[in-house]
């Protein structure tokens with residue numbers, strides 16, 4: 001029986017790295033794997049900060065994932081596993097479609113995403129996955145705040161200051177040289193706005 005698994009954590013905890021490792025392992029075992037991404041900073045790739053990447057089919061909120069997998073199967077695609085990165089950016093209907101893909105097509109769905117946005121609120125896609133996923137896996141590679149405590153917040157830093165308002169979706173990276181970037185922080189330093 002196919003399952004919908006949700007792997008989540010903060011930025012830098014290895015989500016994309018694990019997604020790429022699963023893809024590699026499943027392909028070596030002869031399984032048909034389709035790799036998707038929704039808003040990766042590289043566009044049509046799943047990229048990991050450890051330096052590995054793979055081509056992926058980009059997804060926007062206009063895509064009906066259930067229908068697209070159905071069309072691919074009708075065209076002869078053999079899909080055992082669907083791996084999708086950056087699922088926090090999916091809308092609720094698309095997350096429900098991931099469940100339908102597992103239930104109706106018998107395809108294992110491995111969804112990877114960030115738990116919460118820069119304000120600490122759950123993304124819509126994340127919330128829905130928490131509600132409907134068969135399995136929820138918090139990744140065990142702990143990210144560390146600059147103080148050494150476990151990081152639980154993805155703080156958006158704008159001109160050196162922790163942002164408290166702005167659009168929920170603003171794709172960026174952890175490069176501190178950029179005017180707008182993200183920094184993982186513990187609860188205390190997020191609340192204090194101290195980035196180290």
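Worth pointing out:
- Boolean, residue 98 is free of Cβ contacts under 8 Å to residues at least 24 places away in the same chain and in contact with a helix residue (DSSP H, G or I) (Cβ under 9 Å, 6 or more places away or on another chain): no
- So residue 27, is it surrounded by fewer than 19 Cβ atoms within 10 Å (Cβ to Cβ), within 15 Å of the chain's Cα centre (by Cα), assigned by TED's automatic domain parsing to the domain that holds residue 75 and assigned to a helix (DSSP H, G or I): no
- Helices (runs of 4 or more DSSP H) completely within the range 58-138 that count 2 or more residues being in contact with a strand residue (DSSP E or B) (Cβ under 6 Å, 6 or more places away or on another chain) and farther than 30 Å from residue 158 by Cβ: 92-105
- Scan of the range 128-138 for residues that are without any contact (Cβ under 8 Å) to a residue 24 or more places away in the chain and closer than 28 Å to residue 192 by Cα, ordered by number: none
- The set of residues from the range 35-58 being crowded, with 16+ Cβ neighbours inside 10 Å and either over 29 Å from residue 106 (Cβ atoms) or touching a helix residue (DSSP H, G or I) at 6+ places or on another chain (Cβ under 7 Å) (or both) comprises 35, 38, 39, 46, 47, 48, 54.
- For the range 169-191, a tally of residues being more than 20 Å from residue 43 (Cβ to Cβ) and assigned to a loop (DSSP other than H, G, I, E, B) returns 4.
The values are calculated or read from the model by the stated rules, or taken from the named source; none is laboratory data. Here the structure is a predicted model, which means the values were calculated and not measured. FYI the Cβ positions are ideal-geometry reconstructions off the backbone, even for glycines, and counts take in every protein chain you see.
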